[in-house]
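Below is one structure, written out as structure tokens; comments come after it.
The values are calculated or read from the model by the stated rules, or taken from the named source; none is laboratory data. Source: prediction; values computed, not measured. Positions of Cβ are backbone-derived with ideal geometry, glycine not excepted, and every protein chain shown enters the neighbour counts.
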Amino acid sequence: MSPAPAALLLAALAAVALLADRIVSVAAIALVLLLVCLRAPRGRRRMYLVGALGSGLAVFVLTPFVSSIGWHVIWSGPTVPVLGQLDITREELRIGLFQGLRLTAVALAFAAYALLLDHDRLVQSVRFARRSVLAMALATRLVPTLERDAAGLVEALRGRGVEVSGARGRARLLGPLLAGSLERALNLAEAMEARGYGRPGGTRTPRPGWSRLDRAALALGAAAVAIGVLWL
Amino acid sequence: MALATVCELEFTYPGEHEALRGVSLELEPGEVVALLGPSGGGKSTLLRALAGLVPHFHGGRFSGSVEVGGLDTRRVHPSDLAGTVATLFQDPVDQVVFTRVNNEVAFGLENLGTPPAQILTRAAQALAAVGAAHLAERPVAELSGGELQRVCLASVLALEPRLLLLDEPTSQLDPEGAATAIELARASGAAVVVSEQRPERVLDACDRVLFVADGRIRGGELPEAWLPREALLPDAEPSGPAVCRLEDVSFAYGAEPVVERASLSVGRGEIVALVGPNGSGKTTLAKLASGLLEPQRGRVTREGRACYLSQDPGRYLIKERADEEVALAVGGDLACARATLTQVGLAGFEDRHPRDLSSGERERLALAAVLVAEPDLLVLDEPTRGVDPPRKDELAALLRAQAPARATLVVTNDLVFAAEVADRVVSTAPERERAVA
């Protein structure tokens with residue numbers, strides 16, 4: 001499948017997850033997207049899956065403690081300053097599960113986009129807003145680049161006999177990683193300008209047209225959004 | 001008529017760093033000019049001025065004039081100069097836009113408005129010219145440093161510019177690859193300005209040499225340290241009790257083995273240079289020796305503490321002061337860190353932010369960050385990348401002076417440095433399998 005219809009299909013599934021108001025519908029979409037993500041190489045997909053599933057789980061766990069909805073109390077806890085009385089209701093659990101699944105589905109759609117799509121072809125196949133799409137593709141590439149930079153920093157520290165362990169140790173690398181990314185972004189911008197980026201009259205490498213599968217994916221995406229609005 | 005004219009160019013970066021002072025020169029069509037000079041002397045800034053990136057991209061104070069192909073760089077945007085001028089920057093990793101090699105080479109052609117039917121053909125021709133046709137469909141992230149440098153060279157050659165600016169284009173290439181790259185640039189018919197830290201790699205191929213130091217072009221003879229030297233590689237027998245021994249080790253990142261049944265021993269008191277073509281497994285072997293990688297087959301034995309210096313000095317920029325960065329390896333001992341900074345010629349830089357240092361200074365900071373630990377096994381991966389010859393001499397002298405205390409393994413493409421510093425040279429090249437594997 002070409003990357004443009006694939007990206008549109010993933011965007012449609014993410015939109016449906018946001019539009020649907022039944023837990024089972026959102027769970028089904030998240031499951032489908034999870035299966036899609038599992039097609040990516042094991043080494044690359046791990047970080048994305050941990051991020052997507054972890055953030056969904058965090059929303060599920062935290063929601064009952066930061067909201068006060070419903071009257072079917074399952075557990076009643078102490079009163080905490082600012083938050084008030086900690087209690088968990090059946091309704092809060094339901095909302096937490098629903099929002100957690102929504103977030104997971106959207107994050108998995110992004111993970112599938114980042115892991116499985118050929119971003120080069122995506123940029124080249126877009127006929128409008130090419131600059132925005134290129135910026136998006138470069139931003140997507142930032143994730144594996146950051147991952148590589150982080151691994152490089154850890155390796156260089158190990159090479160000096162300094163072990164990086166635990167969340168605190170890794171958190172200390174965030175500042176250098178961010179500074180490195182900014183420096184890299186500036187260098188890249190300079191190199192792009194030197195290669196004529198932004199000059200009017202650009203052309204594109206010829207690409208094959210859309211196949212039947214591509215058109216079917218587009219139709220499926222549109223249908224999914226319509227179904228999401230009307231029935232899910 | 002000159003292709004490019006630089007007249008009384010003075011340039012100061014924002015922050016008052018005066019980079020160029022009264023530089024004047026003319027470039028004729030088709031001539032090859034080598035820019036030599038110390039790190040931070042103004043070579044890269046001069047190249048950026050010729051590309052119009054100074055002052056358009058960097059800002060700063062600019063006086064004098066630069067004209068390329070009849071276009072005044074103060075009035076024409078760098079992207080409009082692209083095609084007339086093409087620039088290959090120092091670090092290939094930071095100039096890659098796309099994820100696949102053929103798309104990367106096609107990027108510049110698309111920007112210049114090349115007819116679509118010609119784009120893929122010209123990209124393929126450029127890749128073939130640099131010996132990288134087999135890489136066309138490969139993801140950029142999977143390439144070695146040398147392979148990536150070839151791809152970046154193909155990206156600029158594909159534009160068929162009239163003026164080709166090369167900023168240390170051979171820093172990650174093996175000698176054969178470097179000679180090919182310079183020859184290709186010359187054969188392109190463009191006027192070429194090539195900045196280099198290894199004079200022996202360019203002097204034979206260039207028509208003219210300019211020595212740039214302190215922001216000025218110096219006339220007269222080249223300083224002695226910059227004259228090309230012959231690399232007479234030493235061939236001593238292994239000596240000293242082995243600090244590190246690799247026996248029959250193999251390693252693969254994926255399906256293809258990078259190191260296969262290799263053996264190597266480094267004894268206390270000796271310096272071993274590991275040389276070989278790009279992609280032959282030198283860095284992997286060095287990481288196996290230092291314990292950063294575990295062999296999938298075979299055995300590695302090591303005595304005492306091992307330290308590894310990465311190829312990329314950008315990995316030694318964690319703290320906010322140079323002395324604190326160096327002190328990381330010695331539990332925060334700042335006195336020890338400052339002494340080591342002095343050893344590598346960075347006295348007075350203690351309180352500077354590592355990111356404010358020039359590329360050559362960053363290299364030395366990274367070296368200090370591993371030397372400070374006084375390891376039993378010191379593994380240096382391409383320690384002379386971006387380092388000028390006088391600094392290389394100093395580095396060789398420093399390593400020689402400290403050699404008796406440890407075993408030292410130096411991975412390098414710089415055969416002159418290898419000849420200067422090493423007791424023994426081991427090659428990963430297939431034809432010299434008697435040494436490794």
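To keep it simple, each residue is scored yes or no on (1) part of a helix (DSSP H, G or I); (2) more than 28 Å from residue B:38 (Cβ to Cβ); (3) acidic (Asp, Glu).
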| position | (1), (2), (3) |
| --- | --- |
| B:118 | yes, yes, no |
| B:137 | no, yes, yes |
| B:156 | yes, no, no |
| B:166 | no, no, no |
| B:173 | no, no, no |
| B:179 | yes, no, no |
| B:182 | yes, no, no |
| B:189 | no, yes, no |
| B:193 | no, no, no |
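I'd like to check something: does region A:177-193 contain any residue that is touching a Gly at 6+ places or on another chain (Cβ under 7 Å), more than 7 Å from chain B (Cβ to nearest Cβ) and farther than 24 Å from residue B:155 by Cα? First the steps, then the outcome.
So the first thing to find is which residues in region A:177-193 are touching a Gly at 6+ places or on another chain (Cβ under 7 Å), and the list is A:180.
Next, from what is left, pick out any that are more than 7 Å from chain B (Cβ to nearest Cβ): none.
There is no residue in region A:177-193 that is touching a Gly at 6+ places or on another chain (Cβ under 7 Å), more than 7 Å from chain B (Cβ to nearest Cβ) and farther than 24 Å from residue B:155 by Cα.
Anything in region B:237-264 that is under 28 Å from the mean Cα position of the chain (by Cα) and either over 20 Å from residue B:295 (Cα atoms) or assigned to a loop (DSSP other than H, G, I, E, B) (or both)? List them, or say none.
Hits for region B:237-264 are B:253, B:254, B:256.
What about residue A:145, is it touching a Phe, Trp or Tyr at 6+ places or on another chain (Cβ under 9 Å), modelled with pLDDT under 85, facing chain B (nearest Cβ under 10 Å) and closer than 21 Å to residue A:115 by Cα? Quick ask: steps written out before the conclusion?
Working: touching a Phe, Trp or Tyr at 6+ places or on another chain (Cβ under 9 Å): no; modelled with pLDDT under 85: yes; facing chain B (nearest Cβ under 10 Å): yes; closer than 21 Å to residue A:115 by Cα: yes.
Spelling it out, it is not the case that residue A:145 is touching a Phe, Trp or Tyr at 6+ places or on another chain (Cβ under 9 Å), modelled with pLDDT under 85, facing chain B (nearest Cβ under 10 Å) and closer than 21 Å to residue A:115 by Cα.
When residue A:221 is evaluated against the numbered criteria (1) without any contact (Cβ under 8 Å) to a residue 40 or more places away in the chain; (2) surrounded by 16 or more Cβ atoms within 10 Å (Cβ to Cβ); (3) of a type in the set (Gly, Ala, Ser), which criterion, by number, is the only one it fails?
Answer for residue A:221: the failing condition is (1).
Would you check which residues across region B:377-418 are in a loop (DSSP other than H, G, I, E, B) and of a type outside the set (D, E, K, R) and list them?
Within region B:377-418, B:383, B:384, B:386, B:387, B:412, B:413 qualify.
With respect to the numbered conditions (1) modelled with pLDDT under 90; (2) within 13 Å of chain A (Cβ to nearest Cβ); (3) touching a helix residue (DSSP H, G or I) at 6+ places or on another chain (Cβ under 7 Å), which one is the sole condition not fulfilled by residue B:327?
Result: residue B:327 fails condition (1) only.
Answer yes or no as to whether residue A:155 is under 27 Å from residue B:56 (Cα atoms), crowded, with 17+ Cβ neighbours inside 10 Å, free of Cβ contacts under 8 Å to residues at least 12 places away in the same chain and facing chain B (nearest Cβ under 7 Å).
no
Taking the conditions exactly as written (among the hydrophobic types (A, V, I, L, M, F, W, C) and either free of Cβ contacts under 8 Å to residues at least 24 places away in the same chain or touching a strand residue (DSSP E or B) at 6+ places or on another chain (Cβ under 8 Å) (or both)), does residue B:372 satisfy them or not?
So residue B:372 does not fit the description; no.
What number of residues within region B:133-152 satisfy the criterion of being surrounded by fewer than 20 Cβ atoms within 10 Å (Cβ to Cβ) and either in contact with a Lys or Arg (Cβ under 9 Å, 6 or more places away or on another chain) or charged (D, E, K, R) (or both)?
Residues in region B:133-152 being surrounded by fewer than 20 Cβ atoms within 10 Å (Cβ to Cβ) and either in contact with a Lys or Arg (Cβ under 9 Å, 6 or more places away or on another chain) or charged (D, E, K, R) (or both): 6 in total.
Across region A:117-137, which residue is modelled with the lowest pLDDT among those that are surrounded by fewer than 18 Cβ atoms within 10 Å (Cβ to Cβ) and part of a helix (DSSP H, G or I)?
A:130
Quick check on region B:104-126: of everything there that is within 7 Å of chain A (Cβ to nearest Cβ) and of a type in the set (S, T, N, Q), which residue is nearest to residue B:151 (Cα to Cα)?
B:111
Looking at B:213, B:187, B:225, B:158, which is the one that is at pLDDT below 90 and under 30 Å from residue B:1 (Cβ atoms)?
After applying the criteria, what remains is B:187.
Looking only at region B:69-83, decide whether some residue is within 29 Å of residue B:221 (Cβ to Cβ) and in contact with a Ser or Thr (Cβ under 7 Å, 6 or more places away or on another chain).
Taking region B:69-83 as the starting set, the residues that turn out to be within 29 Å of residue B:221 (Cβ to Cβ) are none.
No, every residue in region B:69-83 fails to be within 29 Å of residue B:221 (Cβ to Cβ) and in contact with a Ser or Thr (Cβ under 7 Å, 6 or more places away or on another chain).
I need a count of the residues in region B:220-229 that are without any contact (Cβ under 8 Å) to a residue 40 or more places away in the chain and of a type in the set (D, E, K, R).
Number satisfying all stated conditions: 2.
Do you know which residues across region B:22-36 are of a type outside the set (A, V, I, L, M) and surrounded by 16 or more Cβ atoms within 10 Å (Cβ to Cβ)?
B:31
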